[in-house]
1. Would you pick out the residues in the range 52-65 that are more than 8 Å from Leu26 (Cβ to Cβ) and crowded, with 17+ Cβ neighbours inside 10 Å?
2. Looking only at the range 55-74, which residues are without any contact (Cβ under 8 Å) to a residue 12 or more places away in the chain and either touching a helix residue (DSSP H, G or I) at 6+ places or on another chain (Cβ under 8 Å) or closer than 19 Å to Ser37 by Cβ (or both)?
3. Has the range 25-33 got at least one residue that is of a type outside the set (A, V, I, L, M, F, W, C) and at pLDDT below 95?
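The values are calculated or read from the model by the stated rules, or taken from the named source; none is laboratory data. This structure is a prediction, so every number in the text was calculated from the model and none was measured. Cβ sites come from the backbone with ideal geometry, for glycine too, and all protein chains shown count toward neighbours.
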Amino acid sequence: METFSSKHAHGVTVPAAETAEDVSGLVTKRVVARTASVSTRCVDNWIAEKKIPAIRISARCIRFSLPAVMRALERFEVKEATR
């Protein structure tokens, strides 16, 4: 897993693991995209197609419950046909 860090106002560097998920357990679109190995545009399409659950905080702020998203995506997983 990639490790990113971000610098906060007080100069304290916080590992990405602590910044990717906020206090409520919700994650951003970027985290969902990285976890599913797709682009953020693909996540936008999944939201529009109602394939994944999303929580719209405001017009521009949207968050996701990562376990709920992964369960929803399992329904669309393509299984290999056996002969």
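1. Passing the criteria: Ile52, Ala54, Ile62.
2. Across the range 55-74, the qualifying residues are Pro67, Arg71, Glu74.
3. yes
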